[in-house]
Amino acid sequence: MFTKTKLNVVFNIEAIITLHYFEYARDFHFSGETHDFWEMVYVDFGEVGVVAGDTGYVLQQGEAYFHKPNEYHSIWSNNTFSGVTIITFECNSSSMKLFDGKLLRINDTQKQHIAEILEHGSRTFKEPLNIVDQNRMLLSPDAPFGSLQLIKTHMEQLLIDMVQCGMSLPKKQRISKDHLHKHKEDPIVTKIKEILNNNLCGHISLDDIAAQSGYSKSYIKTVFKNSTGFSIIQMFLRMKIDHSKKLISEQAYSITEISEMLGFNSIHYFSRVFKNITGISPTQYSHSVRRKALL
């Protein structure tokens, strides 16, 4: 008589929310967010700073950090060019408590799992893996058989290997409080970005922004520039271009239609702004999406 051995599942990845590989410029800064799922940040090269709640860390090449659900977090380049993998996922397994606030050194086996996740992701999802402000990954119509399950299993193997190898680094605050405060976004800046985001497909004046924020025009201009390094108009254009990249990736609209949707006066002006910000033209970006290239 045979006896069945029930399989104990210590990690069950129920969903992948986003899967990204970003190359950050020296001056990159993401203001911060919270969400109700896990996020893993892995530094492929360079060095980044992260905020986790009220604590800041510098992540060096080969290190990773796990942000638990509903934890405020932000990230920025630490004055270097950097390559970063960010994976957000849903996992309600009790074993995930082992990763709460963990700073880890990634070994070669774990790096290979991350590489496999990115490789399968680039073949499974429709868009390139560097689309910013993305809240949904669209499946490619020609995704290979079982590719989502391969992402799931590699992610689960990655977590298991991390626990087995015990690669956790000493948990210590590695950024001074003054430096940490510098990277926490001013609430006024956050409010202005919300206003801009709500008007991406149109126009809004500085007078309107000032009225909606409850501060004078001169004050918001000064605070925003000092905090972000960009003028409000420069940031508005960058946000429009980021949104245009998402629209281009969806391949549902022509470049001309996207230009009009985002309120640009002409396709020529849109193309010029797009190239100034991204380094390539909208057409080149569209071609790269079709080739599944990582820009």
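The values are calculated or read from the model by the stated rules, or taken from the named source; none is laboratory data. What you see is a predicted model; the values in this text were computed from it and never measured. Quick reminder, even Gly has a Cβ in these numbers, built from the backbone with ideal geometry, and neighbours come from all protein chains shown.
Pairs linking a residue in region 193-220 that is touching a residue at least 24 places away in the same chain (Cβ under 8 Å) and within 22 Å of PHE264 (Cβ to Cβ) to a residue that is charged (D, E, K, R) and part of a helix (DSSP H, G or I), with Cβ atoms under 8 Å and 6 or more positions apart or on different chains, are LEU200/LYS240; LEU206/LYS217; LEU206/LYS221. Evaluate the following for PRO170: is it surrounded by fewer than 18 Cβ atoms within 10 Å (Cβ to Cβ), modelled with pLDDT under 85 and not basic (Lys, Arg)? For PRO170, the condition - surrounded by fewer than 18 Cβ atoms within 10 Å (Cβ to Cβ), modelled with pLDDT under 85 and not basic (Lys, Arg) - is met.
For region 1-39, the set of residues classified as of a type in the set (Val, Ile, Thr), closer than 13 Å to ASN92 by Cα and surrounded by 16 or more Cβ atoms within 10 Å (Cβ to Cβ) consists of ILE13, ILE16, listed by residue number.
The residue pairs whose first member lies in region 232-258 and is among the acidic types (Asp, Glu), whose second member is outside any helix (DSSP H, G or I), and whose beta carbons are closer than 6 Å, counting only pairs six or more residues apart or on different chains, are ASP242/VAL132; ASP242/ASP133. Count of region 92-112 residues, restricted to those that are part of a loop (DSSP other than H, G, I, E, B) and surrounded by fewer than 20 Cβ atoms within 10 Å (Cβ to Cβ), is 6. In region 113-121 there is no residue matching the filter, namely being in the same structural domain as TYR65 (by TED's automatic domain parsing), without any contact (Cβ under 8 Å) to a residue 24 or more places away in the chain and in a strand (DSSP E or B). Annotation note: of TYR253, TYR215, the sole residue that is farther than 21 Å from GLN134 by Cβ and hydroxyl-bearing (Ser, Thr, Tyr) is TYR215.
The combined condition, being touching a helix residue (DSSP H, G or I) at 6+ places or on another chain (Cβ under 8 Å) and free of Cβ contacts under 8 Å to residues at least 12 places away in the same chain, is not fulfilled by SER227.
In summary, SER288 fulfils each of the numbered conditions (1) at pLDDT 85 or above; (2) within 21 Å of the chain's Cα centre (by Cα); (3) surrounded by 13 or more Cβ atoms within 10 Å (Cβ to Cβ); (4) among the polar types (S, T, N, Q) with the single exception of condition (1). Cβ-Cβ distances below 9 Å connect the following pairs, each with a first residue in region 135-158 that is assigned by TED's automatic domain parsing to the domain that holds HIS35 and closer than 10 Å to HIS120 by Cα, a second residue that is among the small types (Gly, Ala, Ser) and part of a loop (DSSP other than H, G, I, E, B), and a separation of six or more residues or different chains: SER147/SER140. Identify all residues within region 41-82 that are under 15 Å from the mean Cα position of the chain (by Cα) and over 27 Å from PHE11 (Cα atoms); write none if there are none. Within region 41-82, VAL48, GLY49, TRP76, SER77, SER82 qualify.
Within region 84-134, the set of residues being more than 15 Å from TYR21 (Cα to Cα) and polar (S, T, N, Q) comprises ASN92, SER93, SER94, SER95, ASN107, THR109, GLN110.
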